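Novice: Structure below; questions to follow.
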Amino acid sequence: MSCIKTMLIFFFVFVILITTQADTKITVINHVTVYREEGRFGGWPANHGIWNWGDEILVGFSRGYYKDLGDRHHIDREQPEEHLFARSIDGGQS
C-alpha cells in the first residue's frame, strides 16, 4: 500500500503548490496521510475532483479492497468500490 500512500502525498503536495500564489515562497512542505486503512485501496483523486476555499480543501477519491496485482493498480475489481471525500479545514495539514 505504500504506492497508494505515495500517490496521495504527491497529489496533495501538487495541490498545495498550485493553490499557493505565485509570489509566495514555499520554504516548508509537510507530508500528511490523507487515507490509510489496512486491507483497503485508496486512489485516483484526480478522477474525482478537488475544491479549495481558502484553507479548506475537499478531494474525492476511490476506495476499494486491496489485491496485489503486480505492476497494476492494487484494487480488487471483484469487490465493491466506493467514492469518498477527504476534507481539510487547515490548508491540508490534517
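The values are calculated or read from the model by the stated rules, or taken from the named source; none is laboratory data. Every value quoted in this text rests on a predicted model; they were computed, and no experiment measured them. For neighbour counting, all protein chains shown are included, and Cβ atoms are generated from backbone atoms with ideal geometry for every residue, glycine included. Remember, those area values only see protein heavy atoms, side chains included, never the ligands or the DNA or RNA. Shrake-Rupley method; radii C 1.70, N 1.55, O 1.52, S 1.80 Å.
Novice: Go ahead and set up a Gaussian network model of the chain, Cα springs under 10 Å, then flag whichever of GLU38, GLU81, GLU56 fluctuates most.
Specialist: For the chain, modelled as a Gaussian network with Cα springs under 10 Å, the answer is GLU38.
Novice: So how tilted is helix 2-19 from the main axis of the chain? Cα-based, degrees 0 to 90, rounded to 10.
Specialist: The two axes meet at around 30 degrees.
Novice: Comparing GLY70, GLY43, GLY60, which has the greatest mean-square fluctuation in the GNM of the chain with Cα pairs linked when under 10 Å apart?
Specialist: In this elastic network of the chain, the residue with the biggest mean-square fluctuation among GLY70, GLY43, GLY60 is GLY70.
Novice: Separation between the HIS48 and GLN79 pseudo-spin-labels, each 7 Å from Cα along Cα→Cβ, expressed in nm?
Specialist: Between HIS48 and GLN79, the label points sit 1.5 nm apart.
Novice: Could you state how much accessible area ASP68 has, in square angstrom rounded to the nearest 10, with a 1.4 Å probe and all protein chains kept in place?
Specialist: Accessible surface of ASP68 is approximately 110 Å².
Novice: Further question: May I ask you to derive the relative contact order of the chain, considering only C-alpha pairs under 8 Å and at least 6 residues apart, and to give it as an integer percent?
Specialist: 26 percent.
Novice: Please build a GNM for the chain, connecting alpha carbons under 10 Å apart, and tell me which residue among PHE61, PHE14, PHE41 fluctuates the most.
Specialist: Looking only at PHE61, PHE14, PHE41, the biggest GNM fluctuation is shown by PHE14.
Novice: Moving on. Between [x] 1.97; [y] 1.40; [z] 1.15, which entry matches Cα Rg over 2.2 N^0.38 Å as derived from the coordinates of this structure?
Specialist: Entry [z].
Novice: Just to be sure I understand the model, the point goes 7 Å from the Cα along the line to the Cβ. What's the resulting ILE29 to SER94 distance in nm?
Specialist: So the two model labels end up 2.3 nm from each other.
Novice: Between ARG87 and LYS67, take the C-beta separation as r, use R0 = 30 Å, and let me know the FRET efficiency to the nearest 0.05.
Specialist: For ARG87 and LYS67, the calculated efficiency is 0.60.
Novice: Determine the share of the chain's accessible area contributed by carbon and sulfur atoms, expressed in whole percent, with a 1.4 angstrom probe.
Specialist: Here carbon and sulfur together make up 52 percent of the probe-accessible area.
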